[in-house]
Structure formats: structure tokens, C-alpha cells
Amino acid sequence: MFNETYKLSNGVEIPKLGLGTWLLDNPQAAQAVRDAVSIGYRHIDTAQAYMNEAGVGEGIRSSGVAREELFITTKVAAEAKTYDAVTKSIDESLVKLGLDYIDLLIIHSPQPWKEFREANRYFQENKEVWNAMEDAYMTGKLKAIGLSNFLQDDIENILASCEIKPMVNQILAHVSNTPFELIEHCQKNDILVEAYSPIAHGAVLDNAEVKVIADRYGVSVAQLCLRYDIQLGLVVIPKTANPDHMRNNAELDFVINDEDMETLKNVEHIQNYGEHSFFPVFGGKLK
């Protein structure tokens, strides 16, 4: 089981590998958490928008592992853009999860999902959201705070007035779609980058060029993609409810050589995420 950690800017340790729970309902999430923890996972990622925080909480309580051994992330809904709404949502997340504190809370998106990447950047509103998270951090409800889907100017907007700097930015980053400039900007500002959908939500699994490299290392395409992100200094949170996939994803004790890393960095940009293309993070628009 791959169990290396990074250290956030405030000294908190975060496992480099976590379990994503997007698109899992409460019963599925509870079982996935139990399975993952029994395999050795200690980092679980959920969100208010996933509607499965209660299931994740149930999985934590029934996992047989002490709370303090686990690193739990959840996300403020993209539509919550006032101090009061965020403060209330944090307390609701704690109740649903059944936890006294959250290890990492992040803003799910700089804009509501229906306005994702549109003209209104919500700069002032995000400062208010951040202020509410800083206050919850100061009271001990949150051990770390960060961002998700924030572009460089979104990040600069927070840095311009914050008392506590963001510790992470969770973004789409995988073989065939790696935003190198954004990653570098984050790392220069001591913001750890987390990669969601690190296996491109499955869309990269049939890429012949990537498969040739994976075969050379005797690993699956999924393992190669996860190792690629980790070697870029990223956290990876592959989503699965399948224990076999969890085990496979956790076998990452190999190193991709520099030449193959360069090849992977330059794999043709993915254009189509299949049935999931309608999600804003994959280029779609919600109506």
C-alpha cells in the first residue's frame, strides 16, 4: 500500500493518495470508505455537492480505525458565496459527517456550477467565503483550508487579502490534460496541488501511447497515470467503489523515468470525456 505523505504549508500531513467519492450515494460511499480503509487508505475526499457526507461519515465510524488516523476532505458548495451561508454549511458538514473537525475544507469552485468559467468571477464573494473558512480554521473546526478549480487570478484574489494562505488547490490534472502553468503558480505560492479525476474519469485508459509505456513498467494505465501525477508533486484522489481497483491504485512503488515523463507530459490533449463530458469540469455546461 502506497502511504507516502506531503506536508501542507501549516505543517499538517496529507496522504499523497486518497479515495474520491464523487457520484457515489450514501450506502455506496459508506461501503467504499470501509473497503478503502481496510486496504490501507487513510485519505477520503467528499463534498457537500456529492450528497454523500453522511455515508462517508458512516464509513468512517464503522471502519474500525481511529478518527485521528484518517484525513477527511470536504468542499463548500460552489453556490455558497456569503459568509453566513458558508459558516452554516461547515456546521452542516460536521453534523452529516459526524465529526468534530474536518481535516481539509476547500471551496469547490470559484463560481456556481451554472456559471463556471463565465464572465462573473465572484472575486468579492470568494473573499467572503474565504473569511468564513479562516474563522472556522481559527476555532479548530478545520485543520486546513484550500481551493478547488481556482485559476491563477482567482488564487491571486484570495492571496491579496487573506490572513491565512490557501494550502491546496484541487484541479483536473491528468495525462493528456495537465495545466503546467497553474500547477507551477500554485507550487511557487506553497499551495499543494491535488489532482481529481487523475485517470481522466477513465477516458485515458484506451490511449495506445500511454498503454505502451504502462506495459513497459508492468503496471496498469491507471497506475501509470497516478504515478505520473505524484511525480509532478500532486496528491491523487481516484474515485472508485471497486475494492480491486482500490488495491491496484494503491500499488505505486515504481518510478517513471524522465524520458517517459516527458512523453506523458506531451500526450495529445484529450477532447472527449464520453458520457461525463456535460460536467463543467470536463468542458460542459449545466443548464
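What to note about this one:
- Pairs from LYS143/LYS285; LYS7/LYS114; LYS127/LYS265; LYS265/LYS285 whose Cα-Cα separation, in the structure shown, is over 29 Å: LYS143/LYS285; LYS7/LYS114; LYS127/LYS265
- Diagonalising the gyration tensor over the Cα atoms of the chain and scaling each eigenvalue by 5 before taking the square root yields semi-axes of 28, 23, 18 Å, largest first.
- Note on the chain: dipole from Cβ charges, positive end direction compared against LEU104, GLY140, TYR50; the farthest Cα belongs to TYR50.
- Simple label model, 7 Å out from Cα along Cβ direction - SER62 to ASP153, nm: 4.8 nm
- In this structure the chain gives 43 Å² per residue of accessible area when probed at 1.4 Å with all protein chains present.
- Relative packing of peptides 264-275, 175-186 - highest average C-beta neighbours within 10 Å first: 175-186, 264-275
- For the range 1-53, relative contact order (Cα pairs under 8 Å, six or more residues apart, normalised by length) works out to 38 percent.
- Fraction in percent of alpha-carbon pairs per bin - 5 Å, the range 1-54: 4, 20, 25, 21, 15, 12, 2
- Sparsely packed loop sites in the range 99-184 (the trypsin sites (Lys or Arg not before Pro) outside DSSP H, G, I, E and B with at most 14 other Cβ atoms within 10 Å) comprise ARG117.
- Surface accessible to a 1.4 Å probe, SER62 within the full protein complex, Å²: 60 Å²
- Sequence-distant contacts, meaning Cα pairs under 8 Å at least 6 residues apart, place the relative contact order of the chain at 18 percent.
- Helical contribution to [θ] at 222 nm, DSSP H n ≥ 4, -39,500 (n - 2.57), averaged over the chain, rounded to 500: -11000 deg cm²/dmol
- Taking the Cα centre of the range 137-248 as origin and assigning +1 to Lys and Arg Cβ atoms and -1 to Asp and Glu Cβ atoms, the resulting dipole is close to 460 debye.
The values are calculated or read from the model by the stated rules, or taken from the named source; none is laboratory data. What you see is a predicted model, and the numbers here were worked out from it, not measured in a lab. Positions of Cβ are backbone-derived with ideal geometry, glycine not excepted, and every protein chain shown enters the neighbour counts. Remember, those area values only see protein heavy atoms, side chains included, never the ligands or the DNA or RNA. Shrake-Rupley method; radii C 1.70, N 1.55, O 1.52, S 1.80 Å.
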